[in-house]
Amino acid sequence: MDSAPQGLTVEKIHVWRGDRHVLKGVSLALCPGELLQVAGPNGTGKTTLLRVACGLLRPEQGRVTWCGRPISGIRPQYQSALVYAAHEPALKGDLTPLENLRYLVGLKRSVTTAELEAALERTGVAACAQLPVRVLSAGQRRRVALARVLAMRSGLWMLDEPFTNLDASGSALVTDLLREHVSATGMALVVAHHDIALSGRLRRLELQ
Amino acid sequence: MWTWFYRLASPPYVYRSAAALTPWFMTVAAIAIVCGLVGGLGWAPPDYQQGDAFRIIYVHVPSAYMSLFCYTTMAVAGAIGLIWRIKMAYALAAATAPVGASFTVLALITGSLWGKPMWGTYWAWDPRLTSELILLFLYAGVMSLRPAFEDPARGDRAAALLAIVGVVNVPIIHYSVLWWNSLHQGATIAKIGKPSMPASMLWPLLMMLLGFMCFYGAVVCMRLRGEVLNRERQSAWVREAIKS
Amino acid sequence: MSAAELAGGPEVSAMRAMALVVRRELRLSFRRPEQVLQPLVFFLIVTTLFPLGLSLQLSLLRDMAPGVLWVAALLSSLLSLDSLFKSDADDGTLDQLALSGQSLTAIVIAKTAAHWLVSGAALVLVSPLVGIALGIPVAIFPTMLGSLALGTLSLSWLGAIGAGLTVGVKRGNVLVSLIVLPLAMPLLIFGAGATDRAASGISSAGALYLLGSLCVFTCTLAPFATAAALRITLE
């Protein structure tokens, strides 16, 4: 096996939002098969950290590397390899879940309707596949967003509060999906308040 | 050579240099403007066509020139800030904007005052004045955009981008207004013609230009210090500087 | 699947991605037809304001008609700009577009083109009605339509820059107009000038060529500026 560095590293990033020093020298490393949970009180910059790791936000200091290369040089390749699920489910209210997925996933890879339907089935919203998203509940929208994460088939998952608006079965679903992903040598960076029930491959990063 | 460039990016350095440069700029500005005014108002002979009315060019032309110069400076500073992510460049752009806008207003007022003896009216949609007016609108756009953001860094970047887009459009706007004017104005309307310029008329103009340039330098240095203090108010060196 | 190889970018070509974006935008517009119709109605209302406010004399009206038409087109295009990026920014889709691995410039081109199809192109189709109401001779309709088509296209690209810059600003409507209108003045000059010259019987070719070159200039450079503006918003 080659000795090339694998995975994501974030090295000593500093971010200021106006006057606030939101991230003060935060570092992390993520290898295939690992799940890193980012936790901490409100306002400590968890979402900001995720956005820096995705490459949406440029830090004042520090850098992010992917497979040993800084992401500023390999942005298209890096961003094709990840999927980001933010607080907002990123769904258009006037389109159906199937149409939403087709447009979002279709920008990255050619995908068939069957694959999308399978993803919606896996997350339990296959019944709503033909309804406009605006009639779905918040929990159902979250599940559609999860289906998008599945359908992207990316190696790196960046999830911001994936358990929001989900009931017990929904939370169990998220945990199962994470477990399957990580077992298949995927990586995940998850911002979450409650502890994820995954033994073994789970590490935590507390932000102050 | 690059160390000089990067030193310019350091806020304490900019703060101290601006303080040191201000009196020099002010002195040169005062001398140049006085010489220019004396030369232009007293020495230069009256224009055979326009009489003494033409003397307003000694304020009008330098202001118009400075209004364009300031806009370009703002755009270049913005570009430097965006490309090399130097915060002091944004401070320079922010410091320059109102000064440039003031020069534009001055150019418009003096141009309008010149218009009265020339056309008999204070405003006649002359191509140059119309271009200046549109430039004022461009300034207004940039100056309104910056404070519209909650995060001042984002406001700086957006204003810088707008200034760059604007500066690319300035020649387009100027030529389109010229075209429009040639279309609609008959040959009967006299334009603010450049009087033929013997040396005795020209050198006061250049002196005034130099004076205005140095005045801009002095004012921008003063404003820049204020901008630097405001932007860096959280840092230690500012607290030291304020205490002393 | 192996997670950490340095993959080669998105599997979908830029052209296919742009086609996908255009289809999405058109589908969204057709599901909300009122958003397409409102600026058109505004266009008709504004053109009615001028005869009401000025004079009923048809000859006077005819002289002013090209200018009135163009100002109304300009103002109603500005109104429809709001919908270009705002809803995407609000629901997080903009993040996803930026992270799709596709060039943000290509996506911007696709969105703006689709936006023009439902705003500017619609305006051009409605303009004969307005032309008749304002007394523009039917013979010069081709010039009028051509100049409006080029003008609204350029305005869409130019307006996209303004829309991109003000996406994060609350109540940025007036600010967008403040930013875009001075930049759009050359368009107004050449567009109304072309129609005016045609109405006076003089050749409008020069003005149309100038308008066309402005359009090409804007179409080539504006998408980069808009993508840069959007990236500033995303930060």
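Please treat every number below as a calculation from the coordinates, not as lab data. For clarity, every value in this text was computed on a predicted model and none was experimentally measured. We place every Cβ from the backbone using ideal geometry, glycine too, and count neighbours over all the protein chains shown.
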Computed helical MRE - 222 nm, chain A, DSSP H runs ≥ 4 contributing -39500 (n - 2.57), nearest 500: -9500 deg cm²/dmol
Unit charges on C-beta of K, R, D, E only; dipole of the stretch B:22-236, Debye: 300 debye
Listed residues A:96, A:175, A:83: farthest to the positive end of the dipole of chain A (Cβ charges): A:83
Taking C:111, B:87 and counting other C-beta atoms within 10 Å, the order from fewest to most: B:87, C:111
Shape of the stretch B:22-236, Cα gyration tensor, a/c cut at 1.5: oblate
Exposure proxy order (Cβ contacts within 10 Å, fewest to most) of A:166, B:41, C:155: B:41, A:166, C:155
Label-point separation in nm, residue B:41 to residue A:118, each point 7 Å along Cα→Cβ: 8.7 nm
Long-range amide H partners of residue A:16 with built H, under 5 Å: A:22, A:60
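Going by a ≥ b ≥ c, the root eigenvalues of the Cα gyration tensor, does chain A fall in the rounded group (a/c under 1.5), the prolate group (a/b larger than b/c) or the oblate group?
Details: a/c = 1.62, a/b = 1.48, b/c = 1.10.
Prolate, because a/c is 1.5 or more and a/b exceeds b/c.
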Signed unit charges on C-beta, dipole axis of chain B, positive-most listed residue B:210, B:155, B:120: B:155
For chain A: relative contact order, % (alpha-carbon pairs under 8 angstrom, 6 or more apart): 30 percent
Overall form of chain C per C-alpha gyration tensor (a/c, 1.5; a/b vs b/c): prolate
Nonlocal amide H pairs with residue A:202, under 5 Å, H built at 1.01 Å: none
